[in-house]
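Please read the structure below before turning to the comments.
FYI, it's all coordinate maths here, none of it is from the lab. Remember, it's a predicted structure, so these values are computed and weren't measured experimentally. Neighbour counts run over all protein chains shown; Cβ positions are idealised from the backbone, glycine included.
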Amino acid sequence: MLPDEGRLFMALDATWPARTYQTDGLLTFREGAGGGSRVSAASWDGQDTPDEATLNKAEARMQAMGQPRLFIIRESQSALDAALGARGYQIKDPVWFYAMDLRGRDLPALSECFALWPPLAAQAAIWADGGIGPARLEVMARACAPKTTVFARQQDRIAATGFIACDGDIAMVHAVETAQSARRQGVGRRVMWHMAHWAQAEGANWLTLVTTKANQAANGLYQSMGFEVVSAYHYQIHPEDA
């Protein structure tokens, strides 16, 4: 059975965590420290939709934290989505949640890929070129264990890299990036398969990841490898903060 929505989001928080978490009733606030939307968005954990007073309070809390008024919206939260839309919020970065069942799965042979923690400076340079800077490296550093980075070599240099961590039986991939000069040459695919091997060895049943719906190249790669869309989410951001 596929992991349910709640379990997937638990793994997302564990493997790509905010600096701090603060709760107020059914609201969770994330301190992102520059690590991007995923670690900065507030979430609502209730079945009902929060009332106007609760949303006003949430907005004030995010502003006091020095962060944009930003909510993460799960597929099951259409009522909250509509309530924020009525307040003028704008949809940001619709995302697919992918999963691959690793149980009993035969994986392609490994080729010129290596796993290590902490990452090398050459990996950090590739990430930096792709917009994954020090704040996101700090996210990796505080992620749950087991975790590792993986890199692929091509022509005696590091050509692609990624990060993966396990939360129980779910392994989640993050920050896959290929050097500009090595794109469309299969090195990103090699990194992905190496991470699948690593996850199997760590006892994970599921290899998961998220990517924006607009990223056609990444979506094409993951679907060609056998990943299936299992959930989705997006953000809603206040128009003054967009």
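Here is how the number arises for the chain: DSSP H runs of 4 or more residues each give -39500 (n - 2.57), the sum is divided by the residue count, and the result at 222 nm is -9500 deg cm²/dmol.
Summary value for the chain: 28 percent relative contact order, contacts being C-alpha pairs under 8 angstrom separated by 6+ residues. Distance between the pseudo-spin-label points of Met10 and Asp169 (7 Å out from Cα toward the beta carbon): 1.2 nm. Computed log10 I(q)/I(0) for segment 100-231 at 0.11, 0.18, 0.19 Å⁻¹: -0.35, -1.00, -1.13, from the Debye equation with unit scatterers placed on every C-alpha and solvent omitted. Backbone N atoms of segment 161-186 closer than 14 Å to the 7 Å Cα→Cβ label point of Glu112 belong to residues 161, 179, 181-186.
Between Gln216 and Asp45, the simple label model (points 7 Å from Cα in the Cβ direction) yields a spacing of 4.0 nm. Compute the FRET efficiency between Ala232 and Arg157 as 1/(1 + (r/R0)^6), taking r as their Cβ-Cβ distance and R0 = 45 Å, and round to the nearest 0.05. With a Förster radius of 45 Å, E is 0.80. Between Glu138 and Ser76, full extension at 0.36 nm per residue minus the direct alpha carbon distance yields a gain of 19.3 nm. For the peptides 213-225, 133-145, the ranking by packing is 133-145, 213-225, with the highest mean count of neighbouring Cβ atoms within 10 Å listed first.
Measuring between their Cα centroids, segment 157-220 and segment 41-88 lie 31 Å from each other. Phi-derived couplings, Karplus 6.51 cos²θ - 1.76 cosθ + 1.60 at θ = phi - 60°, listed residue by residue for segment 57-72: 5, 5, 4, 5, 5, 5, 5, 5, 7, x, 10, x, 7, 9, 10, 9 Hz, with x used for Gly and Pro. Quick check for you: which residues of segment 10-32 have the amide N under 18 Å from the point 7 Å beyond the Cα of Lys57 toward its beta carbon? What the label zone holds, given the 18 Å backbone N cut-off, is 22-30.
Classify the chain: rounded, prolate or oblate, from the alpha-carbon gyration tensor (a ≥ b ≥ c, eigenvalue square roots; a/c under 1.5 rounded; otherwise prolate if a/b is larger than b/c)? Since a/c reaches 1.5 and a/b is larger than b/c, the shape of the chain is classed as prolate. Helix 5-15 and the longest principal axis of the Cα set of the chain meet at an angle near 70°.
Rounded to the nearest 5, the antiparallel percentage of DSSP beta bridges internal to the chain is 90%.
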